[in-house]
Amino acid sequence: MMPILQLYARDVPGVEFPEGTDLLQLVWCALNHDEDPGPVVPRLHWRNEAQVVAGGLLSEIPAAGETEYDEDNIPRPSTLTPAVAEDLPRWTDLPEDLRRDLEQRLGSPGNRFVRPPDANIIATKAGGWPAWTQPADWPDCACGQRMEHLVTITGDIQLGDCGGVYFFHCRRCPGVPWDWRFDCH
């Protein structure tokens, strides 16, 4: 498994961590998996930093062995500096009735509606809204509710031609179930 993103609760105050956790780790397998629906096979782990440190830390990240992996699925090492920013939904993520209402209110004199530009942040981010490259594909939880956006991984980590890998979770359900989606340019 390849380490992709590690977030500490103290660095992302807008993200609600499950009780007893303060560390979110995202890893994925870079091997080619013909039967899987996306370019990678991700795993998301909520942990407690003190327990991870008490268990001992690796002095260095192990190198990938010689096997069939896709070079595009291995991001270049980088450091992200968390910054708080106001992130808004894309037009297509607004509820249908709100979009209709805004179209009527913002229509021009010739009754031609000009859609406002999307105002969501296109970057690797925690919280906020997905910056879909293709039509939105929100997952539903087994409880029947639409999952909440948790993390977006975008091209700033150099993942081939992938537009983004989007992670969602359901804080209403025990165990905080999660799911993911991806899209391409």
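Among the listed residues ASP183, ASP156, ASP137, identify the single one that is among the acidic types (Asp, Glu) and either on the phi > 0 side of the Ramachandran plot or modelled with pLDDT under 70 (or both). Talk me through it step by step, then tell me what you get.
On the way: ASP183 fails: either on the phi > 0 side of the Ramachandran plot or modelled with pLDDT under 70 (or both); ASP137 fails: either on the phi > 0 side of the Ramachandran plot or modelled with pLDDT under 70 (or both).
Just a single option satisfies the conditions, and that option is ASP156.
Mind listing just one residue for me: the one in segment 32-81 that is of a type in the set (D, E, K, R) and part of a strand (DSSP E or B) and, of those, modelled with the highest pLDDT?
We begin by selecting, within segment 32-81, every residue of a type in the set (D, E, K, R); these are 34-36, 43, 47, 49, 60, 66, 68, 70-72, 76.
Okay, now just the ones that are also part of a strand (DSSP E or B), so 43, 47.
On the way: ARG43: 91, ARG47: 95.
Only one residue fits best here, namely ARG47.
Does VAL114 satisfy the criteria of being touching a Cys at 6+ places or on another chain (Cβ under 9 Å) and either within 29 Å of GLU148 (Cβ to Cβ) or at pLDDT below 80 (or both)? Spell out the reasoning first.
Values: touching a Cys at 6+ places or on another chain (Cβ under 9 Å): no; either within 29 Å of GLU148 (Cβ to Cβ) or at pLDDT below 80 (or both): yes.
Here the answer is no, as VAL114 does not meet what is asked.
The values are calculated or read from the model by the stated rules, or taken from the named source; none is laboratory data. Fair warning: this is a prediction, and the values are worked out from it, not measured in the lab. Don't worry about glycine lacking a Cβ; one is built from the backbone with ideal geometry, like all the others, and counts go over all protein chains shown.
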